[in-house]
1. Place a +1 charge on the Cβ of each Lys and Arg in region 45-144 and a -1 charge on the Cβ of each Asp and Glu, then give the dipole magnitude about the Cα centre in debye, rounded to the nearest 20.
2. Straight-line reach from LYS32: which lysines have Cα under 19 Å away, leaving out those fewer than 8 places along the same chain?
3. Just the number please: accessible area per residue for the chain, 1.4 Å probe, all protein chains included, in Å².
4. Pick out, from THR10, ASN53, PRO100, the residue whose Cα sits farthest towards the positive end of the charge dipole of the chain, with +1 on the Cβ of Lys and Arg and -1 on the Cβ of Asp and Glu.
5. Under 5 Å between amide H atoms, partner at least 5 residues away or on a different chain: which partners does VAL89 have, H built in plane at 1.01 Å?
6. Using every Cα-Cα pair within region 1-71, state what percent have a distance larger than 21 Å.
7. Which value, in debye to the nearest 20, describes the size of the charge dipole of region 24-94 about its Cα centre when Lys and Arg Cβ atoms bear +1, Asp and Glu Cβ atoms bear -1, and nothing else is charged?
8. Excluding SER90 itself, what net charge comes from residues whose Cβ is under 10 Å from its Cβ, given Lys and Arg +1 and Asp and Glu -1?
Amino acid sequence: MMGTRPQTLTGLTDSPVGLAAFLIDHDTPSLKLISRVFAGHTEGLSRDDVLDNTTLYWLTNTPISSARLYWENKASFFGVKGVSLPVAVSVFPDEIYQAPKSWTEKAYPNLIHYNRLPKGGHFAAWEQPRLFTEELRTSFRSLR
């Protein structure tokens, strides 16, 4: 829906409960992660993080505009990109698509870092901020 008809997601701006349900159940791995958080497990997120994220979307009225990114991007998702800038790729196991190194090397000829992480998913910076920060630092250290 986000890629074909993002404006039909208007219910996300009508109900904070509807928005929370959508964000919590965005994809199966995210739902499992958030469920573990609410069951008391330490996962990199807290209950407050989940509430803060929902509140940020709600107060800024940005659920629809954030979904439009998927609709506005007309580039082939799996096509070779040919990006000549230095690129780093971190592959998180619960991401919706885990780019194989063979594809990544073709898509990004100036690949300076490729790593597979032990945990994290579609919202890795939010879900695993420590791992994500370490990856950023490691990835671009050679460019300092």
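1. On the way: 12 positive and 10 negative charges, 88 e Å.
In total the dipole reaches around 420 debye.
2. Partners found: LYS119.
3. Values: 9070 Å² over 144 residues.
That works out to 63 Å² per residue.
4. PRO100
5. HIS113, TYR114, ASN115
6. Numbers: 675 of 2485 pairs.
The calculated P(r) of region 1-71 puts 27 percent of pairs beyond 21 Å.
7. Working: 6 positive and 8 negative charges, 56 e Å.
I would put it at about 260 debye.
8. Working: positive: ARG116; negative: GLU95, GLU134, GLU135.
For residues surrounding SER90, the net value is -2.
The values are calculated or read from the model by the stated rules, or taken from the named source; none is laboratory data. Keep in mind that what you see is a predicted model, and the values were worked out from it rather than measured. Heads up, the Cβs are rebuilt from the backbone with ideal geometry, glycines too, and the neighbour counts pull from every protein chain shown. Each accessible area value is taken on the protein alone, full model and side chains, heavy atoms only, with ligands, DNA and RNA left out. Shrake-Rupley method; radii C 1.70, N 1.55, O 1.52, S 1.80 Å.
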